[in-house]
Amino acid sequence: MNDEPNSLNHHQQREELEADTTAFPPELEALARRLTADGAYWQSRLPDPELVTERVRAIPEGRPSLLPTTSSEEDILMFDDSNSSSQSSRPVYTERSRAASIWQRLGSLAAVAVVLALIGSAAVVFYSHNQHTGKTSTPANSTSTTGSTGFTVTAVTMSVSPTSISGMACGTNTTVTYTAVFQVPAGSPGGTVQFTYTVNNGRGVTPAKVTFSAGETSTSYSFKWSGPLPADHTYPGLGGVQVSSPNQYTSKLLQPTGQCVPPPNCGSNFTGPMGKSNQSSLQTAYGKAPLPPVSSTVPDDAAGGIRGFDICSPGTASSVTAYMEQQLPAYGWTLVSKSGGLETWKSSTGTIYWSVSDPLDWHFYWRVSA
């Protein structure tokens, strides 16, 4: 009997495993051969079931036995017919069959352990080989989830023109332009930014998009509101954008400062054929003079070379006075005197006079040579 039981059963496998080692690079060949030899040695050490059975049978009768004995040791399976024929036949297993069955199971488990050990050894070798060559295996149906992280909206800066509608008459047709400047990181691959914009604080939105070229860091988009300035000051409203792709970003909202000025409730003399509404300045014999926005005027000349206007302006007497005093220097006028509500201003060519007791009917005049 061979000193290494079952060695012949695995001779061919050992030769095949040894032959497979040639598939590895030189630095791994020694490891592959060692693992192959160890696997073959483990397989060769498995006991022969026949030999184990003989050893079990040789155990003395006085010693406890783990295996029951029967009247026959030769038959593997038989039926006990000692009882009447009406009873069901039942199988009886012999000592030898039981011992063989147990050791065959143990042998199978050992064989499975050897196979698992060989598989693990092969996995180690292949892993070492892949690490050496820098290659990794990828399932055929795998999908890469890595996306571009360089194209992201990092900021949106808003501006508006005009910056103020203060002093503009309500009802005046006006166009307000909002401009959004989108910013992305330097060196981005480029792409499309999708967003919506609003001109009324989000009560209504409109979709739009801008496209970045590779390496471009900023681009702008302008949108507008147009119409007559409403007296309820609902427009121009707050404008801004909300980005939805490639990421979420909401800009600040802004609008022109100030409010339009509603027309004053002027008397009937300002609505006649000589009256003019929505005036913001006057032309005098000595130069142009400012008026509060949305003023109405009607000529009011007098004898002795007096030329002038009756004026109806929005606001109060104090607000009209403050407006005139603030704006007249910008038109080239200089204050001469202020007494009893009458103010005197002069330019390089002449002098004007005005007084405000009632903003809905105040007076502005100058003198010319008769």
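Observations on the structure shown:
- S244, sole failed condition from (1) small (G, A, S); (2) more than 30 Å from S313 (Cβ to Cβ); (3) part of a loop (DSSP other than H, G, I, E, B); (4) in contact (Cβ under 8 Å) with a residue 12 or more places away in the chain: (3)
- Residue within region 269-288 that is under 58 Å from the mean Cα position of the chain (by Cα) and crowded, with 18+ Cβ neighbours inside 10 Å present: yes
- In summary, P359 fulfils each of the numbered conditions (1) free of Cβ contacts under 8 Å to residues at least 24 places away in the same chain; (2) not in a strand (DSSP E or B) with the single exception of condition (1).
- Residues (buried (at least 19 other Cβ atoms within 10 Å of the Cβ) and either of a type outside the set (V, I, T) or not in a strand (DSSP E or B) (or both)) located in region 334-356: E343, W345, W354, V356
- Considering region 246-280, and only residues there that are of a type in the set (V, I, T) and modelled with pLDDT of 90 or more, the residue that is farthest from T152 (Cα to Cα) turns out to be T257.
- Out of A208, A214, A169, sole residue that is surrounded by fewer than 15 Cβ atoms within 10 Å (Cβ to Cβ) and modelled with pLDDT under 95: A214
- Enumeration of residues in region 180-205 that are in contact with a Phe, Trp or Tyr (Cβ under 8 Å, 6 or more places away or on another chain), within 16 Å of Y249 (Cα to Cα) and hydroxyl-bearing (S, T, Y): T192, Y197
- Within region 327-356, being under 14 Å from S281 (Cα atoms) and either free of Cβ contacts under 8 Å to residues at least 24 places away in the same chain or among the hydroxyl-bearing types (S, T, Y) (or both) holds for P329, Y331.
- Here V243 meets each of (1) modelled with pLDDT of 90 or more; (2) among the hydrophobic types (A, V, I, L, M, F, W, C); (3) surrounded by 13 or more Cβ atoms within 10 Å (Cβ to Cβ); (4) assigned by TED's automatic domain parsing to the domain that holds L360 with one exception, condition (4).
The values are calculated or read from the model by the stated rules, or taken from the named source; none is laboratory data. What you see is a predicted model; the values in this text were computed from it and never measured. Reconstructed Cβ throughout: ideal geometry from the backbone, glycine too, with neighbour counts over all protein chains shown.
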